[in-house]
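Enquirer: Take this structure first; my questions come after.
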Amino acid sequence: MSATAPAAGHEPGPEAGKRDFLKLVAGASAAIFAGALAWPLIDSMEPSADVLALGSVEVELGPIPVGQAITVLWRGKPMFIRHRTEAEIKAAEDVTLAQLIDPQTDADRVKAGHTQWLVVIGICTHLGCIPLGNKPTDPRGEWGGWFCPCHGSQYDTSGRVRHGPAPLNLALAPYEFETDTKIKIG
Ligand code: FES
């Protein structure tokens, strides 16, 4: 974003201020805020007003109830953000690497101190379908994570593939915690 200097003899007025404000609004980063009561799970196949495609996206985690997940679009890709239950965390941590198709510990897939949050790219690693499991009515498969409706791959509560044909775990999204209840993806 480049700033434009005012022409000679013209001081910045209300219109210039308005333009600057619009530039700020159009910046690469945006925050997503949603009321807890008005935030059912977002259908991963139908991006809505709550879904933005931007260079980086800030997401308020507070409205996401325990046991539920949302989808946020980031750079054209669905990001799954799941608020895991204690049982789901334990199930993910108790798995031995020998049980896994694509061995990776749960600790390597979440942020220390924030293990209740799993943030992955919601694209099946087989042929790129979007797995089901974010809506309460969705099938989540035998391991309680996500189920891919295209060819039946299943993922666990850490997003690791547990049943093929998908060869790899759901990829981790690039994100950081800005506060205990807000992340920035990208
Ligand atoms: S695309 Fe998911 S199982 Fe084939």
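The values are calculated or read from the model by the stated rules, or taken from the named source; none is laboratory data. Small disclaimer: the values here were computed from a predicted structure and weren't measured. Don't worry about glycine lacking a Cβ; one is built from the backbone with ideal geometry, like all the others, and counts go over all protein chains shown. These accessible areas exclude ligands, DNA and RNA; they are computed on the full protein's heavy atoms, side chains included. Shrake-Rupley method; radii C 1.70, N 1.55, O 1.52, S 1.80 Å.
Enquirer: If I filter segment 64-80 down to residues being surrounded by fewer than 23 Cβ atoms within 10 Å (Cβ to Cβ) and within 19 Å of Leu168 (Cα to Cα), which single residue comes out as nearest to the chain's Cα centre (by Cα)?
Expert: Among those that are surrounded by fewer than 23 Cβ atoms within 10 Å (Cβ to Cβ) and within 19 Å of Leu168 (Cα to Cα), it is Pro78.
Enquirer: Looking at (1) touching a residue at least 60 places away in the same chain (Cβ under 8 Å); (2) part of a loop (DSSP other than H, G, I, E, B), find the lone condition where Thr115 falls short.
Expert: Here Thr115 meets the rest and fails (1).
Enquirer: Give segment 121-138 a look and list any residue that's within 14 Å of the ligand (Cβ to nearest atom) and in contact (Cβ under 8 Å) with a residue 12 or more places away in the chain, or say none.
Expert: If the condition is that a residue be within 14 Å of the ligand (Cβ to nearest atom) and in contact (Cβ under 8 Å) with a residue 12 or more places away in the chain, then Ile121, Gly122, Ile123, Cys124, Thr125, His126, Leu127, Cys129, Ile130, Pro131, Leu132, Gly133 are the ones that fit.
Enquirer: Using the structure shown, decide if Gly141 is assigned to a loop (DSSP other than H, G, I, E, B), of a type in the set (Gly, Ala, Ser) and within 16 Å of the ligand (Cβ to nearest atom).
Expert: Numbers: assigned to a loop (DSSP other than H, G, I, E, B): yes; of a type in the set (Gly, Ala, Ser): yes; within 16 Å of the ligand (Cβ to nearest atom): yes.
Here the answer is yes, as Gly141 does meet what is asked.
Enquirer: Take the residues of segment 94-112 that are assigned to a loop (DSSP other than H, G, I, E, B) and of a type in the set (D, E, K, R): which is farthest from the ligand (Cβ to nearest atom)? I'd like the intermediate steps shown before the answer.
Expert: Looking only at segment 94-112, we keep the residues that are assigned to a loop (DSSP other than H, G, I, E, B), and these are 95-96, 100-106, 110-112.
From what's left, of a type in the set (D, E, K, R): 102, 106, 111.
Working: Asp102: 14, Asp106: 22, Lys111: 26 Å.
Among them, the one singled out is Lys111.
Enquirer: If you scan segment 129-149, which residues turn out to be within 12 Å of Arg160 (Cβ to Cβ) and open to solvent by 40 Å² or more (accessible area, probe 1.4 Å)?
Expert: Across segment 129-149, the qualifying residue is only Trp143.
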